[in-house]
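Here is the structure we will look at, set down as structure tokens.
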């Protein structure tokens with residue numbers, strides 16, 4: 001995440017953080033759709049999803065190839 005903050009577009013990173021922060025309980029965020037909205041690599045988006053999941057704010061789909069994050073906090 002530190003490397004993303006250094007090398008990715010800060011405005012785009014802020015948009016991504018705002019989108020994930022505003023994810024309400026049960027809402028699904030699709031990483032591939034977000035990639036089309038925000039000019040960031042899918043790997044960056046998934047990394048942010050994983051960080052939020054590790055903090056207990058949501059969960060990522062475990063399905064192979066899935067890019068879904070579901071809010072739970």
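Scanning the range 42-67 for residues that are in contact (Cβ under 8 Å) with a residue 12 or more places away in the chain and closer than 15 Å to residue 17 by Cα returns 42, 44, 45, 46, 47, 48, 49, 51, 52, 53, 57, 58. Kindly evaluate residue 32 against the criterion of being touching a helix residue (DSSP H, G or I) at 6+ places or on another chain (Cβ under 9 Å), part of a helix (DSSP H, G or I), surrounded by fewer than 17 Cβ atoms within 10 Å (Cβ to Cβ) and at pLDDT 95 or above. So residue 32 passes the test. Taking residues in the range 14-27 that are without any contact (Cβ under 8 Å) to a residue 24 or more places away in the chain, and partners anywhere that are surrounded by 11 or more Cβ atoms within 10 Å (Cβ to Cβ) and outside any helix (DSSP H, G or I), the pairs with Cβ atoms closer than 9 Å and at least 6 places apart or on different chains are 15/38; 15/40; 19/29; 19/38; 21/57; 22/71. Kindly evaluate residue 46 against the criterion of being part of a strand (DSSP E or B) and within 11 Å of the chain's Cα centre (by Cα). Against the criterion (part of a strand (DSSP E or B) and within 11 Å of the chain's Cα centre (by Cα)), residue 46 does not qualify. Checking every residue in the range 38-48 against the condition of being surrounded by fewer than 11 Cβ atoms within 10 Å (Cβ to Cβ), touching a helix residue (DSSP H, G or I) at 6+ places or on another chain (Cβ under 8 Å) and modelled with pLDDT under 90 gives zero matches. Only residues that are part of a helix (DSSP H, G or I) and surrounded by fewer than 15 Cβ atoms within 10 Å (Cβ to Cβ) were counted across the range 51-67, and they come to 2.
The values are calculated or read from the model by the stated rules, or taken from the named source; none is laboratory data. Owing to the predicted nature of the structure, the values given are computational and were not obtained by experimental measurement. When we count neighbours, we look across all protein chains shown, and the Cβ atoms used for this are built from the backbone with ideal geometry, even at glycine.
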